[in-house]
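Data first, discussion second: the structure below is written as structure tokens.
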Amino acid sequence: MRFDTKTKRTIYDRTRGYCHLCNKKLAFKNYGKSEGRAAWEIDHSNPKANGGTDRLNNLYAACISCNRSKKHSSTRTARAQNGRTRAPLSAEKRQKAVRGNTLVGALVGLLGGAVLGPAAAVAGAGIGAAVGKAIDPDG
Ligand SMILES: [Zn+2]
């Protein structure tokens, strides 16, 4: 299956250019160049051998080595071998996740402040937001 540049770009951007299996940064221009640095391929998340389709929602960017060693095993298995459970987030989703974590952190801090008093609320919100921001949204 050949992919045009636009399709490749869409797939690449969905994980911000990171391998969806091991989270290594990939070089867009080295698509399919097994000799190239950070070369990558398009992986069928659900392998075609298992009935996976060529639809975009089944396609992810992966290092050539990850893709080749994954073969017909599932994405879940391949990610687990790298200690991961999810694909890296797109830039848009990542930003939302960071904002969400910050908000949750701030709320936790405010809640602590409600118990401990207003000064603690201000400090707590700040600390909570910082903690929230530090949470890696890619898990
Ligand atoms: Zn990889």
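The values are calculated or read from the model by the stated rules, or taken from the named source; none is laboratory data. Predicted model only: the values in this text are computed from it and were never measured. Note: ideal-geometry Cβ built from the backbone for every residue, glycine included; neighbour counts use all protein chains shown.
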Just a yes or no: is a residue in segment 68-83 away from the ligand (no atom under 14 Å from the Cβ), over 14 Å from K8 (Cβ atoms), under 14 Å from the mean Cα position of the chain (by Cα) and modelled with pLDDT of 90 or more? yes
If you go through segment 112-132, how many residues are of a type outside the set (V, I, T) and either touching a residue at least 12 places away in the same chain (Cβ under 8 Å) or assigned by TED's automatic domain parsing to the domain that holds A61 (or both)? 11
Which condition number in (1) assigned by TED's automatic domain parsing to the domain that holds N30; (2) touching a residue at least 24 places away in the same chain (Cβ under 8 Å) is the one that A80 fails? (2)
Of the conditions (1) touching a residue at least 12 places away in the same chain (Cβ under 8 Å); (2) more than 19 Å from A134 (Cβ to Cβ); (3) in a loop (DSSP other than H, G, I, E, B), I11 satisfies every one except a single condition; which number is it? (3)
Suppose we keep only residues that are surrounded by 14 or more Cβ atoms within 10 Å (Cβ to Cβ) and on the phi > 0 side of the Ramachandran plot within segment 1-49. Which one would you say is nearest to the ligand (Cβ to nearest atom)? N23
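A quick yes/no check of all residues on (1) in contact with a helix residue (DSSP H, G or I) (Cβ under 7 Å, 6 or more places away or on another chain); (2) not charged (D, E, K, R):
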residue	(1), (2)
E41	yes, no
P47	no, yes
D54	no, no
Y60	yes, yes
K71	no, no
R84	no, no
E92	no, no
